[in-house]
1. In contact with a helix residue (DSSP H, G or I) (Cβ under 6 Å, 6 or more places away or on another chain), within 16 Å of the ligand (Cβ to nearest atom) and modelled with pLDDT of 95 or more: is that true of residue 127 in this structure?
2. Looking at 26, 6, 62, which is the one that is within 11 Å of the ligand (Cβ to nearest atom), modelled with pLDDT of 95 or more and in contact with a helix residue (DSSP H, G or I) (Cβ under 8 Å, 6 or more places away or on another chain)?
3. Please tell me if residue 219 is under 20 Å from the mean Cα position of the chain (by Cα), part of a helix (DSSP H, G or I) and either within 16 Å of the ligand (Cβ to nearest atom) or crowded, with 18+ Cβ neighbours inside 10 Å (or both).
4. When only residues in the range 65-79 that are outside any strand (DSSP E or B) and surrounded by 18 or more Cβ atoms within 10 Å (Cβ to Cβ) count, which is nearest to the ligand (Cβ to nearest atom)?
5. Of all the residues that make up the range 101-124, how many are assigned to a loop (DSSP other than H, G, I, E, B) and at pLDDT 95 or above?
6. Restricting the search to the range 137-194, which residues are within 16 Å of the ligand (Cβ to nearest atom), touching a helix residue (DSSP H, G or I) at 6+ places or on another chain (Cβ under 7 Å), in a loop (DSSP other than H, G, I, E, B) and more than 18 Å from residue 109 (Cα to Cα)?
7. More than 14 Å from the ligand (Cβ to nearest atom) and buried (at least 16 other Cβ atoms within 10 Å of the Cβ): does that describe residue 92?
8. Looking at the range 196-208, can you tell me whether even one residue there is over 24 Å from residue 150 (Cα atoms), within 16 Å of the ligand (Cβ to nearest atom), out of contact with any strand residue (DSSP E or B) (no Cβ under 9 Å at 6 or more places or on another chain) and assigned to a helix (DSSP H, G or I)?
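The values are calculated or read from the model by the stated rules, or taken from the named source; none is laboratory data. This one's a predicted model, so the numbers in the text were calculated from it and none came from an experiment. Glycine also receives a Cβ, built like all others from the backbone with ideal geometry; neighbour counts cover every protein chain displayed.
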Ligand code: PXP
């Protein structure tokens, strides 16, 4: 069975729109844990657009399920990870101007530097996963730099329709086999929704699915009825 890691970045996005205290991603993480999630995923971005350092400190102290820190392979972030010691670090490419992580990490072109980063994180006791496209060259390079796991980018699959959908699914399946054969643990994520997740969840060797936007989006909608009723009860009660 794949384990579910819930990415709570967009709870923090909503808080940062007002620079206020709510909704608190830490509270969201605890609710995810109570609901049976096996992991919490947060991306501490260089520009701190959503998750803040304070969130990471408190998450590390309070959650009892896997804490998976998505991070760029920079000096600053390696220092944060070595201090916080999340259970897992997932190295992702990061561009300031992007809306969300676009494409996987190019491991092949930076094997030396990534090898050093992976080594430093592993020495700190952190499991290292590399977020890559399901590309055989990138998978082989990930094994060569000493990663424990790869997270295969499901964005192309999620965006595909028609014949392209089966092509992208086949690429994912082949990637999973190759990675497994190289002794890498296999995770997957990005762009998965309630509509497209089943075919990926059915791939036996995938150990972990990391899902964010669609869960937080649904939470807003399924929670709205209750939230409006609670406000109505409060204001009507005053007369
Ligand atoms: N995995 C990685 C490496 C990501 O960067 C993201 C997005 O932050 C996700 C999974 C989750 O993607 P989504 O929000 O589209 O479910």
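1. No.
2. 6
3. Judged against the criteria, residue 219 is a match.
4. Across the range 65-79, the extreme among qualifying residues is 72.
5. Looking only at that region, the number is 5.
6. Of everything in the range 137-194, those that are within 16 Å of the ligand (Cβ to nearest atom), touching a helix residue (DSSP H, G or I) at 6+ places or on another chain (Cβ under 7 Å), in a loop (DSSP other than H, G, I, E, B) and more than 18 Å from residue 109 (Cα to Cα) turn out to be 154, 160, 184, 190, 191, 192, 193, 194.
7. The answer is no for residue 92.
8. No, the range 196-208 contains no residue that is over 24 Å from residue 150 (Cα atoms), within 16 Å of the ligand (Cβ to nearest atom), out of contact with any strand residue (DSSP E or B) (no Cβ under 9 Å at 6 or more places or on another chain) and assigned to a helix (DSSP H, G or I).
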